[in-house]
Number of protein chains: 2
Amino acid sequence: MAADNAIYIGNKPFMNYVTAVVMQFTTQGAEEVTIKARGKFISRGVDIAEISAKRFLIDQVYVKEIKIDSEEFKNKEDRQVRVSTIEITLVKK
Amino acid sequence: MAADNAIYIGNKPFMNYVTAVVMQFTTQGAEEVTIKARGKFISRGVDIAEISAKRFLIDQVYVKEIKIDSEEFKNKEDRQVRVSTIEITLVKK
């Protein structure tokens, strides 16, 4: 199993992401899943990690690692923009 | 110096928080500073950590630890509510 079963958080319904995380561990048998989010979706990424780990997969997974970083890119007006990112890795106990 | 120089992120102007973090390390001589945020302010907390560490205190501090957790409390309507939290600890190099 590849080490990066990544779930990217956007503005789909909240439970879509929780279900995706839970299914990676259950039906897909993943050993670890990484939740990735940028900018305003970071809060949502943390919510999804917390609800997945503490409500749906309680005693089955834990937070192994959290990384934050910045990405720089040019927006439509050709301006340099910085956005924060987060990666939360959940691992099977 | 106490280990928990905590800065709580709310809806004051963004640069107030960055300045508070930077001043803890510079004029207050702190060895470490913890940025704490809850709910929708989590994204902001990550932005403040990133900008403090990578723009204002570049090569001077690094992210030592990031913790996420959940808090439960009763809201005004006496309903049990869950909110995610983050703590980002920056440390002097």
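The values are calculated or read from the model by the stated rules, or taken from the named source; none is laboratory data. Fair warning: this is a prediction, and the values are worked out from it, not measured in the lab. FYI the Cβ positions are ideal-geometry reconstructions off the backbone, even for glycines, and counts take in every protein chain you see. Heavy atoms of the whole protein, side chains included, go into the accessibility calculation; ligands, DNA and RNA do not. Shrake-Rupley method; radii C 1.70, N 1.55, O 1.52, S 1.80 Å.
Some notes on this structure:
- Pick from segment B:18-60, criterion open to solvent by 10 Å² or more (accessible area, probe 1.4 Å), touching a strand residue (DSSP E or B) at 6+ places or on another chain (Cβ under 7 Å) and of a type in the set (A, V, I, L, M), ranking: nearest to the other protein chains (Cβ to nearest Cβ): B:53
- Per the conditions (1) open to solvent by 20 Å² or more (accessible area, probe 1.4 Å); (2) under 27 Å from residue B:62 (Cα atoms); (3) at pLDDT 95 or above; (4) within 13 Å of chain B (Cβ to nearest Cβ), the sole criterion not satisfied by residue A:14 is (2).
- Selection count where residues are in a helix (DSSP H, G or I) and in contact with a Leu (Cβ under 8 Å, 6 or more places away or on another chain), scope segment B:43-66: 3
- Output for segment B:69-93, where each listed residue is open to solvent by 70 Å² or more (accessible area, probe 1.4 Å) and without any contact (Cβ under 8 Å) to a residue 12 or more places away in the chain: B:72, B:73, B:74, B:76, B:77, B:78, B:79, B:80
- Residue satisfying condition, being of a type in the set (D, E, K, R) and not in a loop (DSSP other than H, G, I, E, B), within set B:40, B:12: B:40
- Residue in segment A:20-31 that is out of contact with any helix residue (DSSP H, G or I) (no Cβ under 7 Å at 6 or more places or on another chain) and closer than 22 Å to residue B:88 by Cβ present: no
- Of all residues in segment B:60-80, at least one satisfies being modelled with pLDDT under 95 and in contact with a Phe, Trp or Tyr (Cβ under 9 Å, 6 or more places away or on another chain).
- Test for residue A:87: is it charged (D, E, K, R), out of contact with any Gly (no Cβ under 8 Å at 6 or more places or on another chain), at pLDDT 95 or above and part of a strand (DSSP E or B): yes
- Tabulated pairs, segment A:39-68, first free of Cβ contacts under 8 Å to residues at least 12 places away in the same chain, second surrounded by 20 or more Cβ atoms within 10 Å (Cβ to Cβ), C-beta under 6 angstrom, 6+ apart or interchain: A:40/B:43; A:43/B:42; A:43/B:43; A:50/B:84
- Within segment B:24-36, one or more residues are at pLDDT 95 or above and assigned to a helix (DSSP H, G or I).
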